[in-house]
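Below: the structure, in structure tokens.
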Amino acid sequence: MKFVISLLNFRPGLIGGAETYLRQLTRHLVACRGSDEVVLLVFRDNAQACRVDGLEQCVIDRSDRQTIAARMLEAFTPWRDRTVERALAALKPDAVLFPQQSIYPKRVEAPAVLAVMDLQHLFYPENFALFDRLFRPAIYPFSLRKASRLIAISAFTAQTLVDRCGVDPAKISVTHLGATLPDVAGVKPDEAIPRPFLYYPAATQPHKGHDRLFRCVAALKKQGKLPHKLVLSGRQTDLWPKLQTLAAELGIAGDLVHEGFTPYTRVCSLYAAADTVVFPTRFEGFGLPVVEAVGFGKRIIASRLAVFDEIGVPAECQIDFEKPEEFLAALARPPVKALTRPLTSWSETAQQTIDLLRRAAAEKNR
């Protein structure tokens with residue numbers, strides 16, 4: 001069989017954990033595809049970043065901006081992107097994987113398998129700019145209806161699709177993100193930042209909870225109970241200047257270090273050097289950094305979220321970040337040796353994904 005993976009939504013450095021998913025998935029598909037052919041559909045500006053040894057590419061000759069404009073036109077108007085339609089048709093795929101929860105182009109003849117990673121807008125619409133609040137309702141419901149099969153990255157996501165979107169449960173398969181513990185051998189702990197420090201790797205998106213982390217840290221600093229610096233990494237969004245102002249108002253600006261968007265090797269060095277890794281997020285579809293932190297044998301302090309229960313974060317590691325006393329109690333506990341549930345490897349994620357593509361193709365041919 002022949003399968004196409006659409007990476008026309010993939011923008012390196014700008015899509016957070018979805019980038020880890022796409023890179024690991026495509027890399028591991030090489031080993032588990034068997035005799036099947038897998039082609040990556042990319043555009044000119046992301047072709048090099050999406051290159052995977054062993055997989056072919058079909059390149060749409062467009063820039064990043066041109067591709068975004070075409071996606072917007074399809075979402076909001078009757079206009080059809082016939083260029084991409086023709087490119088897909090010429091490949092003659094048995095099924096197409098759309099791994100970022102929107103189908104583009106909207107008119108694809110082969111069975112579409114849609115991976116759903118982020119339904120935050122259903123819970124916290126206020127976290128999104130006006131454009132996103134318009135775009136998601138314009139394309140996401142259509143994509144859910146159009147898809148032959150849906151991949152939910154967690155049982156929490158699957159239940160949300162049923163409860164909030166009215167999706168038939170029989171259409172959904174839960175496929176966890178690969179969460180193999182990192183190989184920490186040879187990782188040299190960062191020496192540039194004075195210890196002890198707390199580490200939080202996350203883009204400064206509203207739901208990531210940087211604000212309440214800052215308030216929690218400030219409260220404990222004021223009581224003289226927290227000697228740690230706070231180290232952040234991840235893309236600095238438009239929210240970052242407001243967070244800087246908040247840190248200054250709380251009196252913790254001098255204890256704050258932001259590394260910005262950071263290569264993974266550097267992230268690993270920060271994990272290795274950190275005293276504790278924190279996750280004050282208000283919403284997550286999965287939570288890969290939690291797993292990575294456990295791999296480094298670190299103490300973790302996370303929000304109380306159903307998805308963290310699902311991936312096996314011990315209950316004693318989950319707190320209410322609005323209560324500094326809970327943070328202090330968690331900080332006194334020993335590092336986590338293991339999660340309470342078995343992990344899915346990236347190889348298993350890739351295998352489950354290609355099996356679902358095969359199933360979608362077979363269902364059409366019946």
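Observations, loosely collected:
- Options 306, 253, 293: the member that is surrounded by fewer than 22 Cβ atoms within 10 Å (Cβ to Cβ), at pLDDT below 95 and not aromatic (Phe, Trp, Tyr): 306
- Subset tally (residues that are in a helix (DSSP H, G or I) and either acidic (Asp, Glu) or at pLDDT below 95 (or both)) for segment 1-26: 8
- For segment 238-275, the candidate set comprises residues that are small (Gly, Ala, Ser) and assigned to a helix (DSSP H, G or I); within that set, the residue that is farthest from residue 183 (Cα to Cα) is 248.
- Those residues of segment 316-341 which are of a type outside the set (D, E, K, R), loosely packed, with under 15 Cβ neighbours inside 10 Å, out of contact with any Gly (no Cβ under 6 Å at 6 or more places or on another chain) and touching a residue at least 24 places away in the same chain (Cβ under 8 Å), in sequence order: 334, 338
- Boolean, residue 78 is assigned by TED's automatic domain parsing to the domain that holds residue 144, surrounded by fewer than 21 Cβ atoms within 10 Å (Cβ to Cβ) and either assigned to a loop (DSSP other than H, G, I, E, B) or among the hydroxyl-bearing types (Ser, Thr, Tyr) (or both): yes
- When 359, 341 are checked against the criterion of being assigned to a helix (DSSP H, G or I) and either out of contact with any Asp or Glu (no Cβ under 6 Å at 6 or more places or on another chain) or not charged (D, E, K, R) (or both), a single residue qualifies: 359.
- Scanning segment 184-206 for residues that are outside any strand (DSSP E or B), touching a residue at least 12 places away in the same chain (Cβ under 8 Å) and under 24 Å from residue 21 (Cα atoms) gives 184, 187, 202, 203, 204, 205, 206.
- Of the residues making up segment 259-290, just one is surrounded by 20 or more Cβ atoms within 10 Å (Cβ to Cβ) and on the phi > 0 side of the Ramachandran plot, namely 287.
- Single residue of 224, 209 found to be touching a residue at least 60 places away in the same chain (Cβ under 8 Å), closer than 22 Å to residue 324 by Cα and not assigned by TED's automatic domain parsing to the domain that holds residue 18: 209
The values are calculated or read from the model by the stated rules, or taken from the named source; none is laboratory data. Owing to the predicted nature of the structure, the values given are computational and were not obtained by experimental measurement. Neighbour counts are summed over all protein chains in view; Cβ atoms, including those assigned to glycine, are modelled from backbone coordinates with ideal geometry.
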